[in-house]
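Enquirer: The following block contains the structure, expressed as structure tokens.
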Amino acid sequence: MKEHQKQLLYYVIVRSYSTLQYAELNGKTDRNVRGVRETAIKQIRKKYKIALETRLLHLPWTLTLDEKYFLENGVRTKDEKNSEKQ
């Protein structure tokens, strides 16, 4: 993950800045910040899926129901899947 993506996730997730606040601090647009955030989250999901698939091969009984659902559907919960369709 690129340094600016890490910084954005830190401020938006850990420090609870809104995307608008972060955009104003860095001279970016809110739309740009949301796009970078989504790209970073997609990268995290890809790496998480790879890690779960590896774990599934070696220790399949250690996966939780949420992790199994994520592997099968690409989302964390049923609600998340429904909101992506809208």
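The values are calculated or read from the model by the stated rules, or taken from the named source; none is laboratory data. Treat the numbers as computed from the prediction; the structure is a model and nothing was measured. A quick note on method: Cβ atoms are made from the backbone with ideal geometry, for glycine too, and the neighbour counts reach across all protein chains shown.
Enquirer: Within segment 18-32, does at least one residue satisfy the condition of being under 14 Å from the mean Cα position of the chain (by Cα) and surrounded by 14 or more Cβ atoms within 10 Å (Cβ to Cβ)?
Expert: Step one: list which residues in segment 18-32 are under 14 Å from the mean Cα position of the chain (by Cα), which gives none.
So far as segment 18-32 goes, no, none of its residues is under 14 Å from the mean Cα position of the chain (by Cα) and surrounded by 14 or more Cβ atoms within 10 Å (Cβ to Cβ).
Enquirer: Still on this structure: Tell me the residue from TYR22, TYR10 that is touching a helix residue (DSSP H, G or I) at 6+ places or on another chain (Cβ under 8 Å), of a type in the set (Ser, Thr, Tyr) and modelled with pLDDT of 95 or more, please. It would help to see each step written out before you state the result.
Expert: Numbers: TYR10 fails: touching a helix residue (DSSP H, G or I) at 6+ places or on another chain (Cβ under 8 Å).
TYR22 is the lone residue from the list that is touching a helix residue (DSSP H, G or I) at 6+ places or on another chain (Cβ under 8 Å), of a type in the set (Ser, Thr, Tyr) and modelled with pLDDT of 95 or more.
Enquirer: Ok, one more. Consider GLY35 against the criteria (1) exposed (fewer than 14 other Cβ atoms within 10 Å of the Cβ); (2) modelled with pLDDT of 90 or more; (3) over 17 Å from the mean Cα position of the chain (by Cα); (4) not hydrophobic (A, V, I, L, M, F, W, C): it satisfies all of them except one. Which criterion is unmet?
Expert: For GLY35, the exception is condition (3).
Enquirer: Also: Just give me the residues in segment 40-76 being of a type in the set (Ser, Thr, Tyr) and loosely packed, with under 14 Cβ neighbours inside 10 Å, in sequence order. I'd like the intermediate steps shown before the answer.
Expert: The initial filter retains those residues of segment 40-76 that are of a type in the set (Ser, Thr, Tyr), namely 48, 54, 62, 64, 69.
Across segment 40-76, the qualifying residues are THR54, THR62, THR64.
Enquirer: Residue under question is GLN43, and the condition is that it be in a helix (DSSP H, G or I) and touching a residue at least 40 places away in the same chain (Cβ under 8 Å); does it hold?
Expert: Numbers: in a helix (DSSP H, G or I): yes; touching a residue at least 40 places away in the same chain (Cβ under 8 Å): yes.
Yes, satisfied.
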